[in-house]
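Enquirer: Quick one: the structure is below, and I'll ask about it shortly.
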Amino acid sequence: MSKNLKRTASTENDKKPKKAKQNIGSDSESELSDAPEINGDAQPQTQVKQEASQSPIKNAVDTTETTNNTNDAKDAPKKDEDTHMDEPNEPKSESESDAPKKSTKKSNKDDDDEFGDKPKPKKSRKSAPVKKEESDADDDDEPRKPAKKAPRKSSTSTKNSQKPQKTPASKSLEDTKEGTLLDAVRLQAHYLQNANGDVKEEGEEEEDYKWWAEQGGFGDGTERWTTLEHNGVFFPPEYVPLPKQVRMKYDGKIVELSQEAEEVAGFYAAVLGSDHAADEVFNKNFFHDFLTVLKDHPPLDGTKIKEFSKCDFQPIRDHLDREKEKKKAMTKDEKKQAKEQREEIEKPFTHCLLDGRKEKVGNFRIEPPSLFRGRGAHPKKGKLKLRIKPEQITINIGKDATVPDPPAGTNWGSVQHDNTVTWLATWKENINGAYKYVYLAPGSTLKGQSDMSKFEKARELKNYIGKIRQSYEGDLQNKVMFDRQRATAAYLVDRLALRAGNEKGEDEADTVGCCSLRCEHVMLRPPNLVTFDFLGKDSVRFYQEDIKVEPQVFKNLRIFKKEPKGPQDPIFDRIHTTVLNNYFRNFMKGLSAKVFRTYNASITFQEELKQTPQEGTVAEKLLAFNRANRNVAILCNHQKNVSKNHDAAMDKMGDRLKALKYQRRKLRQMLAQVVDDKDVYKEHPSFKEEESDLEDEWMDAHEENERDKEIERQKKKFERENEKLRSEDQKEMKPGELEDRIKDVEEKWKTITKERRSGKPDVGKKNQTQLVTSMQKIEDRLEAFRVNASNKDEVKDVSLGTSKINYIDPRITVAWCKAYEVPVEKVFAKTLLTKFTWAMETSPEWKF
């Protein structure tokens, strides 16, 4: 490994959403020569060699599910000239070719029977799934799975390697106090390895590399880097046994569990009191896996655990709660020291060297074992996520770079040197068999290139969208069933932003997309209204009621649902996702159904932003921005569950709004006492308006509450002052001093209440000008607060972040911010500012 990189460790929504907009996008056309049918044959993909995990998992008690390593794939290289660089290679169905199936019977005039042969319904989707072609992932990119390679030991033999030397980090860990967060940090010390050099200090970092300017955009999808050096991945700490006095109970009796079973019991204890613990599927899956662990590692006292209802995990939960309180009780210095210790141990894994440049690594931590949460009605929620071992991991690194050492006594599953992909490490998790990847951070060169490539591909679609629509609209009445189904599916993908959809196995979540819709998912109401109701990505319910579609589309759906098909039969029984994507690629290289979602989201967002008030306040402009963002989220079905605390939060905001009105009322009454220029009320007629919703009862309670808050502040101030006096060996203040202060506060609020009831609050030395200025400020604050409250309530059931991060071209946002003079920091969090650095130089005139 380069000396520049020092390895110091190896260590769910049943709520109906709004209707989505349908006629989306531009109808601009461009000439396009006839393109040959593109071969959709799949390139064979092999899986990374991994060792089946026979032994149970071992992990710390903290079971919060990590989301760092989501299958957020963005960087599959091209396998042939016509494959979209961000798309997986698409397998052709063995049972369905792209060629249309011609009818052998004569057509009838009746549209319902015009195909001669009645559609033969496929078996239920669960009986014979078609090969998976496209993921339901939110991101528009898929990684290539690692090629299978023989396991290769790291360059340093485990047997001959020296024992890890103590680094300053490990030494400082030993010097820390026990019973704090540092205990968890200390568990990482055994991963510390020999140092090979130092990572560059922050001050040594080179200037920002503007790849979008120097490279003219994004990479070509072939070779993504020349040299790559990194320190591998960061493993979670080993499991720390519970204190002897903390034990689960079975049928009211204490059980002595093995460490392996105790850890799993701790995972369930951590979800007690949540919705998960009340979920029947979650509990069933957990107990099944818990019994599996108990079979291999039975209780030490011989207890036979057979019934879930007799298990009592509360003693473990009580212990976890006590530990959480201890962490909260840590002093500021202790928390800071613990954080510094963690950062020191993780430091070697946070950056890599890419083509000689220091780049930040994104998700370098391996997910700790835990219980699978899932989303919505996922059939596997509650199952045990096993600990990932080094033997399951494939490392991708430069040929000439030193392979990072795995934890002592282990080996990597394999090591490869593939510069056409951008991941540093990969492994396969045990729940869904999905590949997880370690990528560079969002603000890195490669991630930026991938993002820009995705949005440019969607932007390119506007040059072809007219031609595509003309084509599939013409095929909506095609006499060939294959062509008509393909055209109808294309319409739904384009106009309703549906995902393409895949066939699923019986053990997978019953989520569907356009091509995998079943008859039960589509309800028709003449003349041309369609209701969709199905589980989409992540088991989030897609419910769109009475969407108005083209009359021919309605007629086609009625035909596709015609008997003898039943509720479980597929609507599109002649096509699948590969067919649809190959059709799209006849018009534009690399085009797939995914690109339509990005295109429709961006073009819709740009159109919606035109409703921004040019002369409005920043708060009003932000409200317009969030409304546009919300419409895109509804279009893409980016829903979320309404927070349990939403109503309480809105009530609290209502009280805060009244508190502002209370201040305005006082200022209004003060102004009325000093005004000497009656033109003030002509210039500001709102100054005379009374606060009609402020009842005396509420104001009495508000003043009492404010009085109590001030008394509490005086008590804390008194204690701080005495603590300071004690530290300086000075005489403390007597309790009488505090009593005097409290009396002063009580007298003050008695006066305020009396003045408020009389309608003549004390003006003091304030004059008309000062009070007019104060009134203007309070009215501005009131307006801004009303806008924010309205926005908060409007977006309670939609997720704005997903569309903002993955579907809306960030250059639209940057151009809008510059055109309407809104600071980009108001709409992009710090992480997005880093992720979309390449978009920050966009001009205000830029259009998608």
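Enquirer: Taking a virtual spin label 7 Å from the Cα of K830 along the C-beta vector, which residues in segment 315-342 bring their backbone nitrogen under 20 Å of it?
Expert: 332-333, 335-342
Enquirer: Now for a separate question. Note the full-extension length gain between K610 and S643 as 0.36 nm times their separation in residues minus their Cα-Cα distance, in nm to one decimal. Before the final figure, lay out each step's value.
Expert: Numbers: separation 33, 0.36 × 33 = 11.88 nm, distance 3.07 nm.
Taking 0.36 nm per residue and subtracting the Cα distance, the gain is 8.8 nm.
Enquirer: Starting from the 7 Å offset along Cα-to-Cβ, what nm value, one decimal, do you get for the label separation of K306 and T292?
Expert: Distance between the two pseudo-spin positions: 2.2 nm.
Enquirer: Can I ask one more? Can you grab the distance from the C-alpha centre of segment 767-834 to the C-alpha centre of segment 533-578, Å, no decimals?
Expert: Measuring centre to centre over Cα atoms gives 39 Å.
Enquirer: Stretch K748-E550 to full length: gain in nm at 0.36 nm per residue minus the Cα-Cα span? List each step's numbers first, then the result.
Expert: Details: separation 198, 0.36 × 198 = 71.28 nm, distance 7.00 nm.
Using 0.36 nm per residue and subtracting the Cα-Cα distance, I get 64.3 nm.
Enquirer: To continue, here is another question. Gap in Å between the Cα centre of segment 252-320 and the Cα centre of segment 402-424?
Expert: 36
Enquirer: Cross-link list K457/K830; K347/K804; K731/K754; K339/K621; K347/K385: which exceed 32 angstrom alpha carbon to alpha carbon? List each step's numbers first, then the result.
Expert: Working: K457/K830 26 Å; K347/K804 30 Å; K731/K754 39 Å; K339/K621 39 Å; K347/K385 26 Å.
Those over the limit are K731/K754; K339/K621.
Enquirer: To continue, here is another question. When K565, K548 are ordered from fewest to most other Cβ atoms inside 10 Å of their Cβ, what list results?
Expert: Numbers: K565 19, K548 13.
So the residues, fewest neighbours to most, are K548, K565.
Enquirer: Could you work out how far the C-alpha centroid of segment 663-677 sits from that of segment 609-647, in angstrom?
Expert: The two parts, judged by their Cα centres, are 36 Å apart.
Enquirer: Still on this structure, I have one more. For the pair K244/K339, report the inter-label distance in nm, with labels modelled 7 Å from Cα in the Cβ direction.
Expert: Label at K244, label at K339, 3.8 nm between them.
Enquirer: Let me ask you something else. Report the label-to-label distance for E737 and E223 in nanometres (one decimal), using points 7 Å from each Cα along the Cα→Cβ vector.
Expert: According to this spin-label approximation, the distance is 7.5 nm.
Enquirer: For a quick check: sort R365, R486, R495, R713 by the number of other beta carbons within 10 angstrom, fewest at the front. Present the calculation step by step, with values, prior to reporting the outcome.
Expert: Working: R365 18, R486 25, R495 21, R713 12.
Exposure proxy ranking, most exposed first: R713, R365, R495, R486.
Enquirer: If we sort 795-804, 596-605, 774-783, 436-445 on the protection proxy, mean other Cβ atoms within 10 Å, highest first, what's the order?
Expert: 596-605, 436-445, 795-804, 774-783
Enquirer: Stretched out fully, how many nm does the piece from K347 to S692 gain, at 0.36 nm a residue minus the Cα gap? Mind showing how you got there, number by number?
Expert: Values: separation 345, 0.36 × 345 = 124.20 nm, distance 5.88 nm.
Taking 0.36 nm per residue and subtracting the Cα distance, the gain is 118.3 nm.
Enquirer: Of the listed peptides 282-294, 387-399, what is their order by residue-averaged count of other C-beta atoms within 10 Å, with the highest listed first?
Expert: Working: 282-294: 19.0, 387-399: 21.8.
So the order, starting with the most tightly packed, is 387-399, 282-294.
Enquirer: Right, next: Explain nothing, just the number: relative contact order of segment 646-787, from Cα pairs under 8 Å at least 6 residues apart, as a whole percent.
Expert: On the way: 70 pairs, mean separation 64.5, N = 142.
It rounds to 45 percent for segment 646-787.
Any read-out appearing in this document is the output of simple, stated calculations on the displayed coordinates, not a laboratory observation. It should be emphasised that the depicted structure is a prediction, and the values quoted were computed from it without experimental measurement. Here Cβ is always computed from backbone atoms with ideal geometry, including for glycine, and neighbour counts include all displayed protein chains.
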